[in-house]
Structure formats: C-alpha cells, structure tokens
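**Student:** Below is a structure I'd like to ask you about.
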Amino acid sequence: RTLRNNLDYLLVGRFVGIKELGIYFFGFNAGLGISLSFINAINSAILPHLCAVRSQPSEFKRTYFSSLKTISITIVPFVLLQASFAHFYVPIVFGHKWIPAIPVVILICLSAIPRPFADAASQLLVAVGKPYLDLRWNIIFTVIFTIAILIGVHGQIIGVATSVLLVHLIFLPLFTLWTTRHVFPRIEKT
C-alpha cells in the first residue's frame, strides 16, 4: 500500500515533469486530505467491531453491512460535496495560483468514494483470518494501478488523475463485492 500510495507521484515526476508533479501533489492532497481523515477514522473502528462479533454469524454480517451503511451515509455525501465546491474553495482557501489544480482536485476527490468500502472489505478478510487474500488483492491492485498510471501519463496530470479515478471506481467495488460474497456464504454454512 505504501508503494502504491506514492507510485503516482514517482511516475508523474519522472514522465510528466516536476512542475506538473507540484500541481498534481497539491490536487491530490487537497482532494483527498480531508476525505482520507474521515475514511481512516471510520475504518479504524471496523475491525474491532467485526472481531468482537465474529463468532456470531448473523451479528457479524449485520455489523459488516452496518459499517457499509455508515460509510454510505457519511463519506459519500461529504466527498460529493467537497468535489462539487472545489471551484469555489480552492481559490479562496489556497489562492488563485492553484486554480489549474481544480480538475485534479475533483477527480482525485471522487476517487475517495470506493476506497472506504474496499477498506471495509479488507478488514472483513482480516477478521475472518484471511489476511493473505487481502495481501494478494493489494499486489494485484498495485499492478493494475501502475499500468493505469503509465497509460495516464500520456494525458499529463489530468490523464493520471483520470486513471486514478477510473481504477478506483472499477476495481475497488469489484473487490468489495467479491470479498463480501466470498466471506458470507462460508460463514452461514458454519
């Protein structure tokens, strides 16, 4: 995850340029900084709650889906609001020199929507004693992410931000769905 979380910076700096890296870095942090704080706060509570009820299959399932519901009603509206108002708050809060970063802010901000759901699915795998599946997923996702960024650099920083958004919107929901379907039929049989 650490490699993947910094990979786009390395590739943008190498293939697009240092000035563009500065704009991309700003856009990434302005777009995800606040959202990731909320996401991390919610996700830090999921694993202990899941582990506390993992011996009770119906309560375990209810707790997991309750966590997804909490993510849906808190994170999704916040991210959509943040992305919607980027044109207004970026020049006011950060200054007019950052206006060129607004499209990056919006695209990266929107990529936050599927992240907490996939994080919850990762916590689910850990709670059922299958962290190796989460590790495999992270390796696969890092490869996909790298390929997407390498394609995206051809479109400069907007191409990279679009690649980040698309990879997250396509592959993280698939992982969340797969994990949920993988775990719960097995629990219901025991």
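**Student:** Which condition number does GLN82 fail, the rest of (1) open to solvent by less than 20 Å² (accessible area, probe 1.4 Å); (2) modelled with pLDDT of 95 or more; (3) over 29 Å from VAL53 (Cβ atoms); (4) not hydrophobic (A, V, I, L, M, F, W, C) being met?
**Tutor:** (2)
**Student:** In the range 126-136, what residues are exposed (fewer than 14 other Cβ atoms within 10 Å of the Cβ) and in contact with a helix residue (DSSP H, G or I) (Cβ under 8 Å, 6 or more places away or on another chain)? Talk me through it step by step, then tell me what you get.
**Tutor:** First, the residues of the range 126-136 that are exposed (fewer than 14 other Cβ atoms within 10 Å of the Cβ): 129, 131-132, 135-136.
Within the range 126-136, just PRO131 meets the criteria.
**Student:** Scan the range 51-76 and report the pairs whose first residue is under 17 Å from ARG115 (Cβ atoms) and whose second residue is open to solvent by 90 Å² or more (accessible area, probe 1.4 Å), with Cβ atoms within less than 8 Å and a gap of 6+ or a chain change.
**Tutor:** Final answer for the pair search is SER67/HIS49; THR74/PHE38; ILE75/PHE38.
**Student:** Just checking, how many residues over the range 150-163 are open to solvent by 30 Å² or more (accessible area, probe 1.4 Å) and in contact (Cβ under 8 Å) with a residue 12 or more places away in the chain?
**Tutor:** Residues flagged as open to solvent by 30 Å² or more (accessible area, probe 1.4 Å) and in contact (Cβ under 8 Å) with a residue 12 or more places away in the chain within the range 150-163 amount to 5.
**Student:** Now for a separate question. Any idea which residue in the range 39-58 is farthest from ARG4 (Cα to Cα), counting only those that are of a type in the set (A, V, I, L, M, F, W, C) and surrounded by fewer than 16 Cβ atoms within 10 Å (Cβ to Cβ)? Full working, then the answer.
**Tutor:** Pass one, the range 39-58, residues of a type in the set (A, V, I, L, M, F, W, C): 39, 41-42, 45-47, 50-53.
Restricting the remaining residues to those that are surrounded by fewer than 16 Cβ atoms within 10 Å (Cβ to Cβ) gives 41, 45, 51-52.
Working: ALA41: 21, ALA45: 23, CYS51: 27, ALA52: 31 Å.
The qualifying residue farthest from ARG4 (Cα to Cα) is ALA52.
**Student:** Using the structure shown, decide if LEU36 is part of a helix (DSSP H, G or I), modelled with pLDDT of 95 or more, surrounded by fewer than 19 Cβ atoms within 10 Å (Cβ to Cβ) and within 16 Å of the chain's Cα centre (by Cα).
**Tutor:** no
**Student:** Still on this structure, please answer the following. Taking the range 170-190 as the region of interest, how many residues are open to solvent by 80 Å² or more (accessible area, probe 1.4 Å) and either modelled with pLDDT of 95 or more or assigned to a helix (DSSP H, G or I) (or both)?
**Tutor:** 8
**Student:** Moving to a separate point now. Just to check your reading of the model, which residue among ILE92, ILE147, ILE139 is in a helix (DSSP H, G or I), within 16 Å of the chain's Cα centre (by Cα), surrounded by fewer than 22 Cβ atoms within 10 Å (Cβ to Cβ) and not aromatic (Phe, Trp, Tyr)?
**Tutor:** Details: ILE92 fails: within 16 Å of the chain's Cα centre (by Cα); ILE147 fails: within 16 Å of the chain's Cα centre (by Cα).
Within the list ILE92, ILE147, ILE139, the selection yields ILE139.
**Student:** Hey, another quick one. Would you call ASN29 free of Cβ contacts under 8 Å to residues at least 12 places away in the same chain, open to solvent by 40 Å² or more (accessible area, probe 1.4 Å) and under 21 Å from VAL90 (Cα atoms)?
**Tutor:** Against the criterion (free of Cβ contacts under 8 Å to residues at least 12 places away in the same chain, open to solvent by 40 Å² or more (accessible area, probe 1.4 Å) and under 21 Å from VAL90 (Cα atoms)), ASN29 qualifies.
The values are calculated or read from the model by the stated rules, or taken from the named source; none is laboratory data. Fair warning: this is a prediction, and the values are worked out from it, not measured in the lab. No Cβ is skipped: glycine too gets one built from the backbone with ideal geometry, and neighbour counts run over all protein chains shown. Accessible surface is based on the protein model in full, side chains and every heavy atom, while ligands, DNA and RNA are left aside. Shrake-Rupley method; radii C 1.70, N 1.55, O 1.52, S 1.80 Å.
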